[in-house]
Amino acid sequence: MGDVVKLFPPNVHPQAYYTYIAQKYNLCGLYYMDLWPLGPAQLILVSPETAHQVTVLKSLPKHKMESEFLGPLIKENNIATSNNPLWKHLHNMLAPTFAPAHIKNQVSVMVEEFLHFRDTLGRLADSGEVFRLEDHTAAAVFDIIGRITFNERLHAQAGGSEYLRNLRVMMANFIATNQTWNPVKKFTAKRALRNVRRKVDQSLGRTVKERHRLLRDSKVVPTKKDPYSILDLFLRDKLKECQEKGLPDSVELDPEFVDLAVQNLKALLIGGQGTTTSTICWAYMLLSCYPDVAQKLRDEHARVFDPSTDRTVEILRHEPYKTNKLEYTTAVLRETLRLYPVGFGIRVGNEDSTVQWEGRHYPTANLMIAPVQHSMHYDPTIYHNPAEFNPERFVDPDHATQFGWRPFERGPRKCAGQELALEEMRIALLLTVRDFDFEAVDVQPNSTQRVPFTDFDLKIGDMAFQELGMDAKPRGGMKMRVRRRAR
Ligand code: HEM
C-alpha cells in the first residue's frame, strides 16, 4: 500500500487509491483488502451492481468507523452515521426539509445569497487579486444552509458568522489531527478541536432553547408540511407533545433532547456545506479548462431564462420550477460529480449477507464494506474515455451511465440533500457563469501522468487530485483569479 500512496500527492482522498488498485490488477466488481494493523479488513465494491446489493437491495447498517472518524466533530447520534431505530426517527422527522416543493420555496434564498457571491466575484475581478475559491464559495453555501437550518441570515459572506468561523477552526484542527504523526502537534490540535467544539455546541444549544421558548410562549407548533426551518422541525414534536398532554407552559427541554438537536444541526451545517462547496469549485475549475462547455452553458441560461441577470432573477423568483429545464447545466453538474465525487459511506457486513458477482457469492461477515463511487465513475466499461470531461454523456444518458452514476449513493441511506444540493449548484452557475471567466493560478502541470486513470494532472498538476478533509475537497482551497466577461 505504501507504494501506491507514493504515486499520489500528499493527503490524497483514499478513493483514488482504491480506483488505482482496481484498475492496475483488473479487479472487477469487488475485492478484499486487509490493512491490519492500520485498519479493519475491507470489502471494496467497485461496480454499480455490487454497490446496489448493499445499499439498495439490502441496505446494510453503517459501520462504526464512520462515527468514530467523525467523533471528534459530531457525536454518533446524528442522521448520517446512526442506525435504526434512531436513524429512522431522524430521517422521518427531517424529510419535509428535502421535499421538492420545500426546496423550490428556498429558491429565493439561494438567489439572494448567490447574488451576494456574484458581487464578491465582481470585486475580486476588479482588484485582480488571487483568492481561495473554496473560502468564498463556502461562505455563500453556508449562508444558504444556515437559512434553511435556522430561518435566519447568518451573514457569513459579510464576514459576520461566528458559527462559520468556529466551524472552520474545528475543521482545520480535525484535519490537522488526522494528518500529523507528531504527538505534540496531534495533542495541540486535539485540544483546540475539543475547545472549539464545546463553544459550537454551547452556542447551538442556546439557539435551540431560545427558539423553543419563543415558540412555546407564543403557543406555536410549526407545521410539518412547510416548516420555517430544520430547527423548527426538531422542536415540533416536543411542542406538540406539550400541547397534547396539557403540560405547563414553563416546561423546558431536557438536556438529552437538546444534545440530539445540537449534534444533528451541526451534522447538517457541516455536511451540507463542504460537499456542495467542493462540487461548485470543481465545476468552475472544469469550465475554466473547457471554454466550449462554458459557452454552451451560457447559451442555455440565455435561452431558458434571459441574457440579462436582472430579468433572470425576476423569472427565478416567480417561476422557480423553471430550473428543471436547465438540462445542460444539470448534465455539467452530473459530469463534475462523476469526476470529483466527495467520498463514500461505509457499511458493515454480517453472516447472513453475501455480495454476488459473476455467479459467485462473497462473504461479508464483520467486514467494513466500501462502495467506492469514484472507481465506478472511472470505469471504462461504464464510461467511454472516463478521464474526459464530457457533459454530453448525461444529456439523454443510457442505462449504464445512469446506474453507474452514484455520487449521492442510492437506496434508503442515499444523500438526503441531493435535490437541494443540485438546485443550489444550478443557481450558482446560472447567476455567475455568464459574467465571469475563472483561471486557476499556481498551476504546475505534471510532465508525466501520475496514474493511468486520469491525465488531468498534465493540465492542472496535482490540483487534479482531491485532498482528504472531512470529505474529498479541492487541493489548497483552489486558488483562482476571475475576470469579467465582455458582453
Ligand atoms: C454535492 C453535494 C453533496 C454530495 C455529493 C453528497 C453526498 C453524500 C453521500 C455520498 C452521502 C452518504 C451516502 C451513503 O452513505 O450511502 C451523503 C449523506 C447525507 N447527506 Fe449529502 N451530499 C451533498 C450535499 C448535501 C446537502 C446539501 C445536505 C443537506 C444538508 C446533505 C445531507 C445529507 C444527509 C442528511 C446524509 C445522511 C443520509 C442518511 O444516512 O440517511 N448532503 N451525502
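The values are calculated or read from the model by the stated rules, or taken from the named source; none is laboratory data. If you're wondering where the values come from, they're calculated on a predicted model, not measured in any experiment. Counting neighbours? That spans all protein chains shown, and the Cβs are built from the backbone with ideal geometry, glycine included. The accessibility values were calculated without ligands, DNA or RNA, using every heavy atom of the protein model including side chains. Shrake-Rupley method; radii C 1.70, N 1.55, O 1.52, S 1.80 Å.
Extending 7 Å from Cα along the Cβ direction at Val395 and again at Lys58 yields two label points whose distance is 4.3 nm.
Across segment 408-415, rounded Karplus estimates of 3J(HN,Hα) from the backbone phi angles (6.51 cos²θ - 1.76 cosθ + 1.60, θ = phi - 60°) give 9, 6, 9, x, x, 9, 5, 4 Hz, Gly and Pro being marked x. With all pairs of separate Cα atoms included, segment 259-392 yields a Kirkwood hydrodynamic radius of 18.4 Å. Between Trp181 and Val130, the contour length at 0.36 nm per residue exceeds the alpha carbon distance by 15.2 nm. Approximating the spin labels as points 7 Å out from Cα along Cα→Cβ, the Asn105-to-Thr223 distance works out to 0.7 nm.
Quick check on the chain: helices-only [θ] at 222 nm, where DSSP H runs of length 4 and up contribute -39,500 (n - 2.57) each and the sum goes over total residues. Nearest 500, please.
-16500 deg cm²/dmol
Taken over the alpha carbons of segment 2-135 as equal point scatterers, the Debye sum produces base-10 log I(q)/I(0) values at 0.09, 0.15, 0.16, 0.18 Å⁻¹ of -0.53, -1.10, -1.12, -1.14.
Scoring 344-350, 372-378 by mean Cβ neighbours within 10 Å over their residues and listing the highest first yields 372-378, 344-350. Shown in residue order for segment 28-38 are the 3J(HN,Hα) couplings computed by the Karplus curve 6.51 cos²θ - 1.76 cosθ + 1.60 at θ = phi - 60°: 9, x, 6, 8, 9, 9, 10, 9, 3, x, 7 Hz (x for Gly and Pro).
Close amide H contacts of Arg153 (hydrogens built in the peptide plane, cut-off under 5 Å, sequence separation of 5 or more or a different chain): none are found.
Residues Arg123, Arg165, ordered by accessible area of protein heavy atoms at a 1.4 angstrom probe radius and largest first, appear as Arg123, Arg165. Counting every C-alpha pair in segment 83-198, the share spaced more than 22 angstrom apart comes to 55%. Measuring how big segment 2-484 is from its alpha-carbon positions, Rg and Dmax come out at 22.6, 73 Å.
Determine which residues of segment 184-223 fall in the zone a paramagnetic label at Asn151 would reach in this model, i.e. backbone nitrogen under 17 Å from the point 7 Å along Cα→Cβ. The answer is 207-223, whose backbone nitrogens lie closer than 17 Å to the label point.
Extension gain for the segment Asp442 to Asp310, taken as residue separation times 0.36 nm less the Cα-Cα distance, is 44.1 nm to one decimal.
Shown for the chain: the carbon plus sulfur share of the solvent-accessible area, taken with all protein chains present and a 1.4 angstrom probe, equals 53%. Note on Lys459: lysines with a C-alpha under 18 Å away, same-chain residues under 8 apart excluded, are Lys479.
The residues of segment 2-484 expose on average 45 square angstrom of accessible surface per residue, using a 1.4 Å probe on protein heavy atoms.
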